[in-house]
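The values are calculated or read from the model by the stated rules, or taken from the named source; none is laboratory data. As the structure is a computational prediction, the values presented were derived from the model and not from experiment. For neighbour counting, all protein chains shown are included, and Cβ atoms are generated from backbone atoms with ideal geometry for every residue, glycine included. Note: accessible area is taken over every heavy atom of the protein model, side chains too, but ligands, DNA and RNA are not part of it. Shrake-Rupley method; radii C 1.70, N 1.55, O 1.52, S 1.80 Å.
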Amino acid sequence: MLCALAGPAGAGNLYCCTDAVGKQVCADLLPQACIGRTYRVLGDSGRTVRVVEAPLSKEQRAQRAAEEAQKKEQETLAAEKRRQDQALLNTYGSEREIEMMRTRAIDDVRKAIRAAETKIAEIQARRKHFEDEAEFYKKKQLPPEIDKGLRDADADIKAQQQLIVAKQGEIDAIGSKYDDEKRRYQELTRQRAPSR
């Protein structure tokens, strides 16, 4: 192993390190005191040709791996941010287009809300039919089909009401999304604008 580290014989290299007690040790072959330590390889002129770092401890290797993973993650996030910024610039030609897309998206959700409200009105009309039938059975047990019709109508109305609540939340989310996109678009277009 010493020969592999030392290089070809007669190359004129000198290997130097600081030993365990702080003393400078040099030799034409890698000295025993330098194994496992940082050492310098000096050329014929006496100048440092290269520095060989000491092997890392287990903790140092783990720390370096963690730092490299964090750096890679940051680079990945930065690349994704650049991709998103470019996609934003490719999608919209102006702030007006962003507002048009916001309006279109919100209008689509409002149409879904109106459809759900229409559906609730239809279900309530169907339920009214079952309520009218139930009037004949005030003191008696309801027939299964009337009881099921009332329960189904109530469940359908509740489902449509939940859909409406979800869609109203979607309108808020769309507003926030397009606010963010507009703000970022403004930042990017200001950065691209030539200074006068």
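So, GLU133, is that one free of Cβ contacts under 8 Å to residues at least 24 places away in the same chain and surrounded by 12 or more Cβ atoms within 10 Å (Cβ to Cβ) or not?
Yes.
Quick one: how many residues across the range 55-110 are hydrophobic (A, V, I, L, M, F, W, C) and over 26 Å from GLU187 (Cα atoms)?
6
Can you run down the residue pairs with Cβ atoms below 9 Å, 6 or more apart or on separate chains, where the first is in the range 93-105 and more than 23 Å from GLN168 (Cα to Cα) and outside any helix (DSSP H, G or I) and the partner is open to solvent by 40 Å² or more (accessible area, probe 1.4 Å) and of a type outside the set (Asp, Glu)?
Once the first residue is more than 23 Å from GLN168 (Cα to Cα) and outside any helix (DSSP H, G or I) and sits in the range 93-105, its partners that are open to solvent by 40 Å² or more (accessible area, probe 1.4 Å) and of a type outside the set (Asp, Glu) give SER94/THR189.
What single numbered condition from (1) exposed (fewer than 13 other Cβ atoms within 10 Å of the Cβ); (2) part of a helix (DSSP H, G or I) fails to hold for ALA33?
Among (1) exposed (fewer than 13 other Cβ atoms within 10 Å of the Cβ); (2) part of a helix (DSSP H, G or I), ALA33 violates only (1).
State which residue is farthest from the chain's Cα centre (by Cα) when the search covers only the range 54-63 and only residues that are surrounded by 12 or more Cβ atoms within 10 Å (Cβ to Cβ) and not in a helix (DSSP H, G or I).
Only one residue tops the list, namely ALA54.
Among (1) assigned to a strand (DSSP E or B); (2) in contact with a helix residue (DSSP H, G or I) (Cβ under 9 Å, 6 or more places away or on another chain); (3) not charged (D, E, K, R), which single condition is VAL51 missing?
(2)
ARG183 versus (1) touching a helix residue (DSSP H, G or I) at 6+ places or on another chain (Cβ under 8 Å); (2) open to solvent by 50 Å² or more (accessible area, probe 1.4 Å): which is the lone unmet condition?
(1)
Scanning the range 126-148 for residues that are part of a loop (DSSP other than H, G, I, E, B) and either in contact with a Phe, Trp or Tyr (Cβ under 8 Å, 6 or more places away or on another chain) or among the hydrophobic types (A, V, I, L, M, F, W, C) (or both), which turns out modelled with the highest pLDDT?
Among them, the one singled out is PRO143.
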